[in-house]
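Taking it in order: structure first as structure tokens, then the write-up.
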Amino acid sequence: MTCSDDLRRLHFINALFAELTGNDLYLAQQIQSAITTSLAEVESRPPSDPAFTAAAGRLLERLLSGQEDHGFFHWDAAESATAATPLFTREHVLAGLKNLARYAKRPCS
């Protein structure tokens, strides 16, 4: 993995967990390290790897699960060939918004 790949992942983690880390890059780096050590062959994976993104989403969802005022929605646009088309994008985003409507705070990914 190159330095730019590592930096892209760090920015992603910092943005996703900003409310929990207070934008502290050291904490974001610790979260990134925990996620990458849980994935096999992480060095050969690109920074936009769906497994890394999904693992980060699961971790955030688990961390926020006990907080009743937080909602989290992760939509994987790469789940199928048609998922990122305008019609299906709209369907998935609206489903996510309906799911988040009951929460006061809504960090989205």
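The values are calculated or read from the model by the stated rules, or taken from the named source; none is laboratory data. Everything numeric here is computed off the predicted structure, so don't read it as measured data. Methodologically, a virtual Cβ is constructed for each residue, glycine included, from the backbone with ideal geometry; neighbour enumeration extends over all protein chains shown. Note: areas computed on protein heavy atoms with side chains; ligands, DNA, RNA excluded. Shrake-Rupley method; radii C 1.70, N 1.55, O 1.52, S 1.80 Å.
Given H placed on each backbone N at 1.01 Å, which residues far from F73 in sequence or on other chains put an amide H within less than 5 Å of it?
S109
Label points 7 Å out from Cα along the Cβ direction at T85 and L39: separation in nm?
2.8 nm
So for the pair W75, S4, with labels modelled 7 Å out along Cα→Cβ, what separation do we get in nm?
Spacing of the two 7 Å Cα→Cβ label points: 2.9 nm.
If ligands, DNA and RNA are left out, what is the accessible area of F73 with a 1.4 Å probe, given in Å² to the nearest 10?
Rounded to the nearest 10, that gives 40 Å².
May I ask you to list the residues of segment 2-25 whose amide nitrogen lies under 20 Å from a point 7 Å from Cα along the Cα→beta-carbon direction of D49?
Correct set: 2-17.
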